[in-house]
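The values are calculated or read from the model by the stated rules, or taken from the named source; none is laboratory data. Bear in mind the structure is a predicted one, so any value in this text is a computation, not a measurement. As a convention, Cβ positions derive from the backbone with ideal geometry for all residues, glycine included, and neighbour counts pool all protein chains shown.
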Amino acid sequence: MATKITRIKAKDDGPKTPKEEQPEKVTRKVSVKAKNSESKKAVAEKKAKAKEVEKAEKKAAKKEKKVGYFRGAFQEIRQVRWPNRKETWKMTLSVIIYVVILAAAIMLLDALLQFIFNQLLGGN
C-alpha cells in the first residue's frame, strides 16, 4: 500500500483589493525644533563654567578631607567621657592588681613545670 503525502503551502488568504481601492500611503516630513534655542557659543560657555565649578568643588573637597580628619578626631575626643581622679585611681589599682595576680600565676606554673621536668629527667 502506497501512502500519498501531500505538501501544504501557506497562502495569503486575506481579502484582495484592486489597486484603486487601496488607500494611499501618506508621508509627512516633520521638523523638530530644539526647546532651547540657545546658540552654540552660549552652550559652550555654560559647559566651561560647569567644568570650572566642578574642579573647584573637587579641590575644596580634597582640602576638606585632609582637614576634616583632624576636625573629626578632635570632635571625637570632646565626646569622650573622661574619668575623674577617683575613678582613675580605681582603674589604675585594678590593672596593677590584675597584673600582679597574672604574674604570680605564670611564676607558679613555671615552677611546677620545672619541678616536673626535673623529676622526669632525673636532674638534681
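Quick one: is ASN36 of a type in the set (S, T, N, Q), modelled with pLDDT of 90 or more and loosely packed, with under 10 Cβ neighbours inside 10 Å?
no
Tell me, which residue of the stretch 72-124 that is at negative phi and part of a loop (DSSP other than H, G, I, E, B) is modelled with the lowest pLDDT?
Step one: filter the stretch 72-124 for residues at negative phi, giving 72-121, 123-124.
Those still in the list that are part of a loop (DSSP other than H, G, I, E, B) too: 80-84, 123-124.
Values: VAL80: 90, ARG81: 90, TRP82: 89, PRO83: 92, ASN84: 95, GLY123: 64, ASN124: 58.
Step by step, filter the stretch 72-124, then rank; the result is ASN124.
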